[in-house]
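Below is one structure, written out as C-alpha cells, with a few remarks after it.
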There are 2 protein chains.
Amino acid sequence: MHIKECIMSAPGKAILHGEHAVVHGNVALAVSLNLRTYLQLQATSTSKVCINLPNINTFLSWDVTELKQLLPDSGAELGNVNELDAELVRRLRDLVGVSNGTLDTRSMAILAFLYIYLSVFAGSGELPSLTVSVWSELPTGAGLGSSAAYSVCLAAALLSASGTIPSLLSDQESTARWGEVEMELINRWAFQGERIIHGNPSGVDNAVGTWGGILRYHSGKITPLSRVPMLRILLTNTKVPRSTKVLVAGVKDKMNKFPSIINPVLESVNAVSCTCEQTLSEMTSDTPTPEHYNILEELIDINQHHLNVMGVGHPALDTLCRVTLARGLHSKLTGAGGGGCGITLLRPETECSVVQDTIQDLRDCGYDCWETSIGAEGVQQHSPLAVKEEALEVFARY
Amino acid sequence: MHIKECIMSAPGKAILHGEHAVVHGNVALAVSLNLRTYLQLQATSTSKVCINLPNINTFLSWDVTELKQLLPDSGAELGNVNELDAELVRRLRDLVGVSNGTLDTRSMAILAFLYIYLSVFAGSGELPSLTVSVWSELPTGAGLGSSAAYSVCLAAALLSASGTIPSLLSDQESTARWGEVEMELINRWAFQGERIIHGNPSGVDNAVGTWGGILRYHSGKITPLSRVPMLRILLTNTKVPRSTKVLVAGVKDKMNKFPSIINPVLESVNAVSCTCEQTLSEMTSDTPTPEHYNILEELIDINQHHLNVMGVGHPALDTLCRVTLARGLHSKLTGAGGGGCGITLLRPETECSVVQDTIQDLRDCGYDCWETSIGAEGVQQHSPLAVKEEALEVFARY
C-alpha cells in the first residue's frame with residue numbers, strides 16, 4: 001500500500017480567562033499556544049508500525065500482522081468517528097498491557113496512536129507499515145493541551161497518509177492548512193484520541209489544536225472567534241505540582257461555604273471573559289491601540305485576584321505576578337492553578353531586553369519560561385524546509 | 001464657676017470590611033481600634049482657656065473675656081446640638097485666623113475645641129477658665145478616626161465639666177462609662193466637632209469613638225452590633241500617603257469602565273461584611289472556635305483581593321500581606337487603601353514570639369506597627385490611677 005509521507009504540527013492550549021468559572025456555566029476563552037507538537041510520518045517497507053516519542057522516552061514497534069489480528073474478522077464496521085469502539089480499546093489495552101485503572105502518559109499515547117491508526121486504515125483492507133515520530137515544545141501534564149496537540153497531529157497525519165484528506169503541499173508551499181470539512185474530520189478523530197487519553201474530555205483542547213486562534217467555550221458549546229489578534233506572551237511553568245480534580249472540588253466547596261460571596265465572583269469572571277472577547281474583536285476590526293493593551297492587562301489582574309478568591313492561587317504564582325509586575329508586565333495563572341502555569345502579556349512595544357530580563361528573573365525563581373504567542377494557527381502541514389531546525393534534528397534520528 | 005476635672009479616653013476606628021463598597025450602598029463594618037486618645041480637663045483660676053496638643057505641637061490660650069465677646073449679645077440661643085451654628089464658626093475662624101479654604105489639622109482641632117467649649121458653656125452664662133490637654137496613640141491623617149476620638153473626648157469632658165452629664169467616678173472606680181442618654185449627647189456634640197473638622201462626615205467615626213465595639217453602616221444608617229468579641233490585631237501604617245478622594249473617584253471610574261465586572265465584586269464585598277457580622281455574632285453566642293477564626297481569615301483574604309480589583313491596593317499593602325502570611329497571619333488594608341493602614345488578625349493561640357517577630361518584620365519594611373485590639377470600649381472616664389503611664393507623663397507637663 002502506498003501512503004503519503006508528511007510533517008504536521010499543532011499548537012498547545014492555554015486558558016486566557018474563565019478557568020474554573022467555566023465548570024459552573026460561565027464563559028471561558030481558550031487560546032492556542034504557539035508551543036507546538038511536530039509529527040513526522042514516514043512510509044517504510046519493514047512490515048512494522050513504529051512510534052518514536054523522544055519527549056517521553058518511548059520507542060515501540062509492532063508487526064503489521066500482529067496488529068491485523070486486532071481487526072474484527074467479520075468485517076464489522078470500524079472507523080466510526082463519532083463513537084469510541086469500546087471493544088477495540090479493550091483489545092488494544094490487552095496488547096499494550098494496560099490494566100483498566102492505569103493512566104500513565106506512555107500507555108495512553110500509544111493506545112491513542114494505535115486506535116486512530118487501525119480505525120483510519122481498517123476501511124482500506126490493508127495496514128501499511130510506517131514510522132511516526134513526534135517531538136513537542138510543550139511540557140506534558142502541565143494543562144497545556146499537549147495530549148490534544150499530539151492527537152490532532154496523529155489524526156491529520158494518518159488521515160492524510162490514508163488519502164482520506166488531501167496532502168496539501170505543492171512544491172512552492174512550505175506550510176498549508178485544510179478547509180473546513182477536513183478540519184472538522186481531523187478534530188473529530190483527535191477527540192477520539194483525547195477520549196482514550198482522558199476519559200471524558202471537554203473537546204476544547206483538540207478544538208484549539210485543530211482551529212488555533214481563540215475559542216469561546218460556554219455550557220459545552222465551542223465557538224471559534226472569527227478574527228483574533230496574535231498576542232505575544234511569556235508562558236511560565238512554576239513546576240509546582242497540582243491536582244485539577246482537587247482544585248475544582250475546592251472551588252465547589254468554597255461556593256457551598258460562601259455562596260453569596262463566591263457566586264458574584266464567578267459572575268464577574270464571566271464578565272471578564274466577555275469584555276476580553278469584545279476587546280479582542282475591537283483589536284482586529286480597528287488598529288490595536290495602547291488602550292486595548294491596558295484593558296487586557298487590567299482584565300488579567302482582575303481575574304488573577306478572582307482566582308485567588310476561589311482558592312486556586314499559590315505563592316509561586318504570586319511570585320510570578322510580582323516578578324513580572326516589577327518589569328511592568330501583567331500575569332495570571334492559566335488552567336487549574338494551585339501552581340502549574342501562568343501567562344504574562346507582552347505589549348507590542350515591550351522591549352526585547354525587558355523580555356530577556358524577565359525570563360531570566362523567572363528562571364532564577366526555578367521556573368521554566370518560554371517566549372511564545374497565543375492566538376496562532378491551528379494544525380498545519382509543513383514541508384521539511386518549514387519545520388524548526390530542532391524538530392528536524394530529532395526526526396533525523398529515526 | 002466651679003467645674004469638674006476629669007480624664008477621658010476614646011478609641012480610634014478601623015474599617016473591618018466594606019470600605020469603598022459602602023459608598024455604593026453596601027454594608028460596612030466599622031470597629032473601634034484600641035489605640036486611644038486621652039484628654040485631661042483641669043480647672044484653673046487664670047481666667048484663661050488653654051489647650052495643649054503635644055502630638056501636633058500646638059499650645060494655645062485665650063483670655064476668657066476675649067472668648068466671651070464671641071457669644072451673641074442678644075442672648076440668642078447657642079448650644080443647639082443638632083445644627084452647626086454657621087455664624088459662630090465664622091467668628092471662630094476670624095479669631096483663629098483660618099481662611100475658608102484652609103483645612104490644616106491644627107486650625108481644625110482648635111476650631112472644634114472652641115466651638116464645643118462655647119456652645120456647652122453658653123447656657124450657663126459664664127465661661128470657666130480651664131486647661132485641656134490631649135495625647136493620642138493614634139497617628140493623625142491615617143484614616144483611623146483620630147479627629148473623631150478627639151471630638152468625642154472633647155464633648156465628654158466639656159459636657160461633664162459643665163455638669164450637663166454626670167461625672168461618673170466614685171472613689172472605688174477607676175474607669176466608667178455613661179448610660180445611653182448621655183452617650184447619645186456626647187456623640188451628637190462630637191459629630192459637631194467632626195463637621196467642623198471634615199465638612200461632611202458620615203458620623204461613623206464619632207459613633208465608633210462613642211460606643212466602641214462594632215458598628216454596621218448601611219446607606220447612612222448606623223447600627224451598633226449588640227454583642228461583639230474583642231479581636232487582637234496588628235495595626236500597620238505603611239506611611240504611603242494617599243488621597244481618599246482620588247481613590248474613591250478611581251473606584252467610581254472602574255465601575256463606569258467595567259460595570260459588569262465591578263458591580264458583582266461590590267455585591268461580593270457586601271456579602272463578606274454580612275458573613276463577618278454573622279460570624280462575630282456566633283462567636284459571642286457560642287464559644288469562639290478555631291473555625292470561627294479560619295472564616296475571619298478567609299474573609300480578610302477575599303476582601304483584600306476585592307479591594308485590589310477595585311484598584312485601591314498598593315505594593316506596600318501587598319508586602320504587608322505577604323510578610324504577615326509568611327508568619328501565618330492574614331491582613332487586609334483598612335480604610336481608603338492606596339497605601340495607608342492595614343490590619344492583621346491575631347488568633348487567640350498566636351504566640352507572643354510570632355507577634356513580636358511579625359512586628360519586627362514590618363518595622364524592617366519601614367512601617368509603623370502596633371499590637372492592639374478591635375471591638376474595645378468606646379468613650380470612658382478614668383481616674384488618674386487607671387490611665388496609661390505614658391499619658392500621665394504627658395499630662396504632668398501642663
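Only the coordinates and a few stated rules stand behind these numbers; no lab work does. Just so you know, these numbers come straight off a predicted model, no measurement behind them. Backbone-built Cβ (ideal geometry, glycine too); neighbour counts: all protein chains shown.
Summary table
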| item | result |
| --- | --- |
| Neighbourhood net charge (12 Å Cβ-Cβ; Lys/Arg +1, Asp/Glu -1) for residue A:323 | -1 |
| Euclidean distance of C-alpha centroids, region B:293-364 and region A:322-363, integer Å | 25 Å |
| Inter-copy spacing of residue B:226 label points, which lie 7 Å from Cα along Cα→Cβ, given in nm from shortest upward | 6.2 |
| Span from the region B:203-232 Cα centroid across to the region B:110-149 one, whole angstrom | 22 Å |
| For residue A:68, label point 7 Å along C-beta direction: distances to other copies, nm | 12.6 |
| Exam field: residue A:257 pseudo-label spacings to other copies (7 Å along Cα-Cβ), nanometres | 3.2 |
| Derived scalar couplings ³J(HN,Hα) [region A:368-378; Karplus, 6.51 cos²θ - 1.76 cosθ + 1.60; whole Hz; x for Gly, Pro] | 8, 9, 10, 8, 8, 9, 10, x, 6, 4, x |
| ³J(HN,Hα) computed for each position of region B:36-44 - Karplus, 6.51 cos²θ - 1.76 cosθ + 1.60, integer Hz, glycine/proline x | 10, 9, 10, 9, 10, 10, 10, 6, 9 |
| Charge dipole of region A:232-271 about the Cα centre (unit charges at C-beta), most positive-ward option of A:256, A:268, A:236 | A:236 |
| 0 to 90° range, to nearest 10: angle between helix B:244-257 axis and chain B longest Cα axis | 40 degrees |
| Amide proton proximity set for residue B:130, modelled H, under 5 Å, gap of 5+ | B:44, B:48, B:49, B:50 |
| For chain B: lysine pairs under 24 Å (alpha-carbon distance), excluding those fewer than 8 apart on one chain | 17 |
| Per-residue average of Cβ from other chains inside 10 Å of A:307-315 | 3 |
| Among B:290, B:340, B:305 the positive-end extreme of the charge dipole of region B:228-372 (Cβ point charges) | B:340 |
| Rounded tilt (10° steps) of B:180-198 against the dominant C-alpha axis of chain B | 90 degrees |
| Net dipole in debye of region B:228-372 [+1 Lys, Arg Cβ; -1 Asp, Glu Cβ; about Cα centre; nearest 20] | 800 debye |
| Cα gyration tensor shape of region B:228-372, rounded if a/c is under 1.5, else prolate or oblate by comparing a/b with b/c | oblate |
| Ranked by how many other beta carbons lie within 10 Å on average, peptides A:310-317, A:146-153 from highest | A:146-153, A:310-317 |
| Surrounding net charge for residue A:247, when Lys and Arg each add one and Asp and Glu each subtract one, Cβ distance under 14 Å | +2 |
| Folded to 0 to 90 degrees: helix A:105-122 orientation relative to chain A principal axis, Cα | 50 degrees |
| Relative contact order [Cα under 8 Å, 6+ residues apart], chain A, whole percent | 27 percent |
| Antiparallel %, DSSP beta bridges [both residues in the protein assembly as shown], to 5 | 95 percent |
| Which of B:374, B:148, B:385, positive extreme of dipole for chain B (C-beta unit charges) | B:148 |
| Computed helical MRE - 222 nm, chain A, DSSP H runs ≥ 4 contributing -39500 (n - 2.57), nearest 500 | -13500 deg cm²/dmol |
| Residue B:331 long-range amide H proximity, modeled H, under 5 Å | none |
| Residues with amide H under 5 Å from that of residue B:388, placed H, sequence gap 5 or more | none |
| ³J(HN,Hα), Karplus 6.51/-1.76/1.60, whole Hz, each residue of region B:20-34, x for Gly, Pro | 6, 4, 4, 5, 10, x, 9, 6, 10, 10, 9, 10, 6, 10, 7 |
| Mean Cα-pair separation over length for region A:228-372, i.e. relative contact order, pairs under 8 Å, 6 or more apart, % | 43 percent |
